[in-house]
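The structure appears below as structure tokens.
The values are calculated or read from the model by the stated rules, or taken from the named source; none is laboratory data. In this text the structure is predicted, and so the values were computed from the model without any measurement. Note that each Cβ is placed from the backbone with ideal geometry, even for glycine, and that neighbours are counted across all protein chains shown. With ligands, DNA and RNA removed, areas are computed over all heavy atoms of the protein, side chains included. Shrake-Rupley method; radii C 1.70, N 1.55, O 1.52, S 1.80 Å.
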Amino acid sequence: MALLIDHKNKTMSERTTSSNWALAIVQALELGGVDCTSLFAELGMDYAALNNPDARFPQDGMTRLWQRAVALSGNPAIGLNMAQVVRPASFHVVGYALMSSRNLRDGFTRLVRYQRIIGEGADLNFLPQPDGYALTLAIHGDRLPPARQSAEASLAYCLAFCRWMTGKPIRPREIRLQGPPPADLAPYQQVFQAPLKFNAEHYGLIFERGDLEAPLPSANEALAQLHDRFAGEYLARFCSSRVTHQARQVLCRLLPQGEPRREVVAQTLHLSQRTLQRRLQEEGTSYQQLLDDTRRELAEQYLGQVDLTLLEVAYLLGFADPSNFFRAFRRWFGETPGEYRSRRGLA
């Protein structure tokens, strides 16, 4: 299944991935020996839509694609193949905006600003560090927990793109990866060529300051401004009727501080409470339903991180009283969080 950005469809409240990024993923999987034409048919997804620049694929469809590709290939590190399919168009217009930036620091600022064009399941942050810069990544599923390979592919591609743009073998100070180390570290060492830190809080690339502040060979201020305009116009068209997604992103950011009030979310989105509620209703949901759905989705993701205690998960989901979290979890899944972890071998 693919969606067109102007297609008025109930599924438009789902997170989606651009056809450009989906095509890069397909190329990476095919390098690993996966028959994606057959796999798309199996999953009910439109392979031909990969060549339609306005098409978008549901986040959960891409998660299923990763899961099946890993099962078929027997290669849990298949996402790292993304380092071999680098081309600016994979990042949609954002790739060209990056290339025309003064340096990688400005490029990453643009990447964070426009990343929803590439895929809505990713939340990027770019922050200065005492002796460098950190680009961190969180992947959010829709109704399915995200595939680890999706995040690894994003990091591998991003670093390979930086090396391609600069013409230099950039070596980050550290590569941060969630989850335990894999049995075979060799593919990770070969692709990243930098110190690897597993069981990290976030996926991320930690760069030396000099690498990100050096001028890019392709820098062009006039082109950068032109690409900014194209990206801004696309984002405005794409997000104009997608308040559900925008509100969900705000909730993800605010929940660790406690249960977000509707007026705060509306204010963050520069909307009145009445307008927020009306727009959500038009997209088939309500504020309370969206809050509940977001907590449920995040609960699955957090419980998959074995280093988080149940108490920490409760607070990350904005529950001041952990007993409220346990009641909500039983309502969502019909079991306690502890039973959920035990059944999945995570306890």
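Just one of (1) open to solvent by 30 Å² or more (accessible area, probe 1.4 Å); (2) assigned to a helix (DSSP H, G or I); (3) not acidic (Asp, Glu) trips up Gly345, so point out which.
Unmet for Gly345, out of (1) open to solvent by 30 Å² or more (accessible area, probe 1.4 Å); (2) assigned to a helix (DSSP H, G or I); (3) not acidic (Asp, Glu): (2).
Does any residue in region 246-260 that is assigned by the TED database to the domain that holds Glu283 come within less than 8 Å, Cβ to Cβ, of a residue that is among the aromatic types (Phe, Trp, Tyr) and not in a helix (DSSP H, G or I) six or more places away or on a different chain, and which pairs are these?
That search, which allows pairs on different chains as well, returns Glu259/Phe319.
Taking the criterion of being among the aliphatic types (A, V, I, L, M), under 17 Å from Glu152 (Cα atoms) and touching a residue at least 40 places away in the same chain (Cβ under 8 Å), would at least one residue in region 55-64 satisfy it? So that I can check it myself, show each step before the final result.
As a first pass, look at region 55-64 and keep what is among the aliphatic types (A, V, I, L, M): 55, 62.
Cutting the leftovers down to under 17 Å from Glu152 (Cα atoms) gives us 62.
Add one more test, that the residue is touching a residue at least 40 places away in the same chain (Cβ under 8 Å), and what stays is 62.
Looking for residues that are among the aliphatic types (A, V, I, L, M), under 17 Å from Glu152 (Cα atoms) and touching a residue at least 40 places away in the same chain (Cβ under 8 Å), one finds at least one in region 55-64, hence yes.
Within region 142-195, work out how many residues are in a helix (DSSP H, G or I), open to solvent by 20 Å² or more (accessible area, probe 1.4 Å) and under 19 Å from Asp307 (Cα atoms).
1
For region 200-225, give me each residue that is touching a helix residue (DSSP H, G or I) at 6+ places or on another chain (Cβ under 9 Å), open to solvent by 30 Å² or more (accessible area, probe 1.4 Å) and either modelled with pLDDT under 95 or assigned to a helix (DSSP H, G or I) (or both).
Hits for region 200-225 are Arg209, Asp211, Glu213, Leu223.
Given the criterion open to solvent by less than 10 Å² (accessible area, probe 1.4 Å) and either touching a Leu at 6+ places or on another chain (Cβ under 7 Å) or on the phi > 0 side of the Ramachandran plot (or both), identify the matching residue among Arg68, Arg56.
Working: Arg68 fails: open to solvent by less than 10 Å² (accessible area, probe 1.4 Å).
Every option except Arg56 fails the conditions.
Select, from Thr275, Thr244, the only residue that is hydroxyl-bearing (Ser, Thr, Tyr) and open to solvent by 10 Å² or more (accessible area, probe 1.4 Å).
None of the other options fit; the residue is Thr275.
Could you please let me know if Tyr340 is under 24 Å from Thr17 (Cα atoms), open to solvent by less than 40 Å² (accessible area, probe 1.4 Å) and of a type in the set (Ser, Thr, Tyr)? Lay out the reasoning, then the answer.
Working: under 24 Å from Thr17 (Cα atoms): no; open to solvent by less than 40 Å² (accessible area, probe 1.4 Å): yes; of a type in the set (Ser, Thr, Tyr): yes.
No; evaluated as a whole, the condition is false for this residue.
Looking for something in contact with a helix residue (DSSP H, G or I) (Cβ under 6 Å, 6 or more places away or on another chain) and either among the aromatic types (Phe, Trp, Tyr) or within 23 Å of Asn199 (Cα to Cα) (or both) - is there at least one such residue anywhere in region 263-274?
Among the residues of region 263-274, not one is in contact with a helix residue (DSSP H, G or I) (Cβ under 6 Å, 6 or more places away or on another chain) and either among the aromatic types (Phe, Trp, Tyr) or within 23 Å of Asn199 (Cα to Cα) (or both), which makes the answer no.
What are the residues in region 300-327 that are at pLDDT 90 or above, within 26 Å of the chain's Cα centre (by Cα) and open to solvent by less than 60 Å² (accessible area, probe 1.4 Å), if any?
Residues satisfying the conditions are Leu310, Val313, Ala314, Leu316, Leu317, Gly318, Phe319, Phe325.
Collect the residues in region 38-61 that are small (Gly, Ala, Ser) and over 23 Å from Pro88 (Cα atoms), keeping them in residue-number order. Steps first, please.
Taking region 38-61 as the starting set, the residues that turn out to be small (Gly, Ala, Ser) are 38, 41, 44, 48-49, 55, 61.
Once the filter is applied, which keeps residues that are small (Gly, Ala, Ser) and over 23 Å from Pro88 (Cα atoms), region 38-61 yields Ser38, Ala41, Gly44, Gly61.
Of (1) at pLDDT 90 or above; (2) among the aromatic types (Phe, Trp, Tyr); (3) open to solvent by 50 Å² or more (accessible area, probe 1.4 Å), Trp332 satisfies all except one. Which?
Just one mismatch for Trp332, condition (3).
I need every pair where a residue in region 263-292 that is at pLDDT below 90 has its Cβ under 6 Å from the Cβ of a residue that is surrounded by fewer than 16 Cβ atoms within 10 Å (Cβ to Cβ) and not in a helix (DSSP H, G or I), sequence separation at least 6 or different chains.
Close Cβ pairs satisfying both conditions: Leu280/Ser286.
So is Ser73 of a type in the set (Ser, Thr, Tyr), outside the structural domain of Arg248 (by the TED database) and modelled with pLDDT of 95 or more or not? Can you show your working first?
Values: of a type in the set (Ser, Thr, Tyr): yes; outside the structural domain of Arg248 (by the TED database): yes; modelled with pLDDT of 95 or more: yes.
When the stated conditions are applied, Ser73 passes them.
Filtering region 247-272 down to residues that are more than 20 Å from the chain's Cα centre (by Cα) and among the charged types (D, E, K, R), which residue is most open to solvent (accessible area, probe 1.4 Å)?
To start, the set of residues in region 247-272 that are more than 20 Å from the chain's Cα centre (by Cα) comprises 257-272.
So of that shortlist, the ones also among the charged types (D, E, K, R) come out as 259, 261-263.
On the way: Glu259: 102, Arg261: 136, Arg262: 91, Glu263: 74 Å².
Here the answer is Arg261.
Which condition number does Thr294 fail, the rest of (1) open to solvent by 30 Å² or more (accessible area, probe 1.4 Å); (2) closer than 25 Å to Phe325 by Cα; (3) part of a helix (DSSP H, G or I) being met?
With (1) open to solvent by 30 Å² or more (accessible area, probe 1.4 Å); (2) closer than 25 Å to Phe325 by Cα; (3) part of a helix (DSSP H, G or I) applied to Thr294, the lone miss is (1).
Could you please tell me which pairs satisfy a Cβ distance under 7 Å, a separation of 6+ or placement on different chains, a first residue in region 79-103 that is under 12 Å from Gly32 (Cβ atoms), and a second residue that is acidic (Asp, Glu) and part of a helix (DSSP H, G or I)?
Final answer for the pair search is Gly79/Glu152; Leu80/Glu152.
Across region 78-101, which residue is nearest to Tyr234 (Cα to Cα) among those that are open to solvent by 10 Å² or more (accessible area, probe 1.4 Å) and of a type in the set (A, V, I, L, M)?
Val93
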